[in-house]
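K.L.:
Before we start, here is the structure in question, set down as structure tokens.
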Amino acid sequence: MSGFYGSIAAAAPGIAMLAAFACAIGGGVLIAKRRDRRKGVLMIVMALVLVANVAIWTL
């Protein structure tokens, strides 16, 4: 892949990792402040799925 779509494909894992960190931190805050535990757990699960996807993409 080259050109515009190649650069997007190269940036996708980095963007996904930033999103995973944001979701993990946000989920942890929701759980720690006892706001909405279910959404906090779901955000952490989503972060784990994103990290697994990045691991698959880089293989």
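None of the figures in this text is laboratory data; all of them are computed from the coordinates on show. All figures in this text were calculated on a predicted structure; none of them were measured in a lab.
K.L.:
Restricting everything to alpha-carbon atoms, can you work out Rg to Rh for the chain with a Kirkwood hydrodynamic radius?
P.N.:
Values: Rg = 14.2 Å, Rh = 12.3 Å.
Computed over Cα atoms, the ratio is 1.15.
K.L.:
Pull out the extension gain between Ala11 and Arg34, defined as 0.36 nm times the separation in residues minus the alpha carbon to alpha carbon distance; nm, one decimal. Could you put the intermediate results ahead of the total?
P.N.:
Values: separation 23, 0.36 × 23 = 8.28 nm, distance 3.47 nm.
Extra length from Ala11 to Arg34 when fully extended: 4.8 nm.
K.L.:
Determine ³J(HN,Hα), in whole Hz, for all residues of region 8-16 in sequence, where each value follows from phi through the Karplus function 6.51 cos²θ - 1.76 cosθ + 1.60 and θ = phi - 60°; x replaces Gly and Pro.
P.N.:
So the J values, rounded to whole Hz, are 5, 5, 6, 8, 4, x, x, 5, 5.
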